[in-house]
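Peer 1: Please read through the structure below; I'll follow up with questions.
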Amino acid sequence: MSRHRRTTDRSPLPPHLARQRLAAALTAAGAIAATVLAITVQPSAPPAPDRLPDPTTSEVAQLRRF
């Protein structure tokens, strides 16, 4: 009885599967990078002093359709 088994040659992925996996990986990496940037980067300038902050709206105003 032999001690070592023969390794089977793995066939490479078909090109369309490789493209799908690459696209999925790049999309996920881009989403993670955008999330990290949105959390860590501060705005470059403060809000303009002549503008008031947006007022809060009521639920009635949000539900009303014009």
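Peer 1: Length gain on complete extension for the stretch His16 to Ala38, per 0.36 nm per residue less the alpha carbon to alpha carbon distance? Provide the component values of the computation, followed by the final result.
Peer 2: On the way: separation 22, 0.36 × 22 = 7.92 nm, distance 3.28 nm.
Using 0.36 nm per residue and subtracting the Cα-Cα distance, I get 4.6 nm.
Peer 1: Further question: When the chain is fully extended, how far beyond the present Cα-Cα distance does Ala25 get from Arg3, taking 0.36 nm per residue of separation? Spell out each step's value before the answer.
Peer 2: Numbers: separation 22, 0.36 × 22 = 7.92 nm, distance 3.91 nm.
Residue separation times 0.36 nm, minus the Cα-Cα distance, leaves 4.0 nm.
We did not get these values from a lab; they are worked out from the coordinates using the rules stated. Since the structure is predicted, the reported quantities are computational estimates derived from the model, not experimental observations.
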